[in-house]
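These notes concern the structure reproduced below.
The values are calculated or read from the model by the stated rules, or taken from the named source; none is laboratory data. No experiment lies behind these values; they were computed from the predicted model shown. A quick note on method: Cβ atoms are made from the backbone with ideal geometry, for glycine too, and the neighbour counts reach across all protein chains shown. The area values use the complete protein model at the heavy-atom level, side chains included, leaving out ligands, DNA and RNA. Shrake-Rupley method; radii C 1.70, N 1.55, O 1.52, S 1.80 Å.
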Amino acid sequence: MYFIAPSILSADFSRLAEAVELAEKGGADMVHLDVMDGHFVPSITFGHQLVASLREKTSLPLNVHLMVNNPAKMIPLFIEAGADWLSFHLEASCHIHKDLQTIKEAGRKAGLALNPATPIELLSEVLEDLDFVIIMTVNPGWGGQKFIPATKNKINRLSQILAGKKLPALIAVDGGVKLSNLAELFELGMNIAICGSSVYSAPDPVSEIKKMKAIAQDFNRRIHQEK
Ligand code: DX5
Ligand code: ZN
């Protein structure tokens, strides 16, 4: 129920396969890949070909976060490239239900990402169709930004809504997640910790992931004991 997902956005882009290897060595549960199109967000990162190449290099699940306009056009490319978890932004899609179905019909985990100012209430009509939600806790587009404190309330409220409706969607938190706020965010309801700069700008990314993973495992044990 509690996962660590290093985001390679903050890694050396000339050595991305090595960055994925570091995630594996640290015991990460999946790798988070940020696709930016220069429109939905100003930056451009990489596309489906890079995802397909990384797919060949690792057995870790690939969690692809599409920060793109018109995601419907790109979703099939990323399914084909081997994304295991695939999310797009609620703010970018005109046909959210349809786009989620495309992902689910391919047998992949379907997620919606929400910008910091987008209310979680906008998820209400598709909550049952979601495998996960990405709550952005910084404005999308860059690594290494400061966590926006007002988003904590969204994480906690969404967690309560899902529990109240007994829905299985997992909550991923993206932006400013680091060792020092990890336990607090798990307490609030985060299931998947997406960690970019806190991992890849650390002097020893492998040991940083190991420390994070130990905290996640503590939470997993706790849940197990409560059952
Ligand atoms: C930002 C991306 C994040 C990014 C987070 O738009 O979606 O996945 O890697 O970076 P940190 O963890 O440095 O805030
Ligand atoms: Zn991301």
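Points worth noting:
- Net charge of neighbours whose Cβ lies under 15 Å from the Cβ of Ser10, counting Lys and Arg as +1 and Asp and Glu as -1: -3
- Modelled this way, with points 7 Å down the Cα-to-C-beta line, the labels at Leu77 and Gln225 are 4.8 nm from one another.
- The chain: antiparallel DSSP beta bridges as a percent of all, rounded to 5: 5
- Solvent-accessible ranking of Cys195, Cys94, largest area first, probe 1.4 Å: Cys94, Cys195
- Positive minus negative residues near Gly196 (Lys, Arg vs Asp, Glu; Cβ under 12 Å): -2
- Counting 0.36 nm for each residue step from Leu179 to Lys104 and taking away their Cα separation leaves a gain of 23.8 nm.
- Dividing the mean sequence gap of close Cα pairs (under 8 Å, 6+ apart) by how many residues the stretch 165-219 holds gives a relative contact order of 36 percent.
- Mean separation of Cα contacts under 8 Å, 6 or more apart, over the residue count of the stretch 3-67: relative contact order %: 36
- The accessible area of Phe186, taken with all protein chains in place and a 1.4 Å probe, comes to roughly 0 Å².
- Tensor-based shape of the stretch 86-225 (alpha-carbon gyration tensor, a/c under 1.5 rounded, otherwise prolate or oblate): prolate
- Exceedance of the 26 Å cut-off in Cα-Cα distance is limited, within the set Lys146/Lys166; Lys165/Lys227; Lys104/Lys211, to Lys146/Lys166; Lys104/Lys211.
- Per residue, the accessible area of the chain comes to 46 Å² when a 1.4 Å probe rolls over the protein heavy atoms.
- Heavy-atom accessible surface of the chain: percent carbon and sulfur, 1.4 Å: 52
- For the chain, the dipole from Cβ point charges (+1 on Lys and Arg, -1 on Asp and Glu) about the Cα centre works out to 460 debye, to the nearest 20.
- Residue of Asp37, Asp204, Asp131 that the Gaussian network model of the chain assigns the largest fluctuation, springs spanning Cα pairs under 10 Å: Asp204
- Summarising the overall dimensions of the stretch 73-122 from its C-alpha atoms, the Rg and Dmax are 11.0, 32 angstrom.
- Computed over the chain, relative contact order equals 23 percent, with contacts defined as Cα pairs under 8 Å that lie 6+ residues apart.
- Accessible area ranking (1.4 Å probe, heavy atoms, ligands and nucleic acids excluded), largest first, for Asp34, Asp218: Asp218, Asp34.
- Cα shape, the stretch 21-177, gyration tensor, a/c 1.5 rule: rounded
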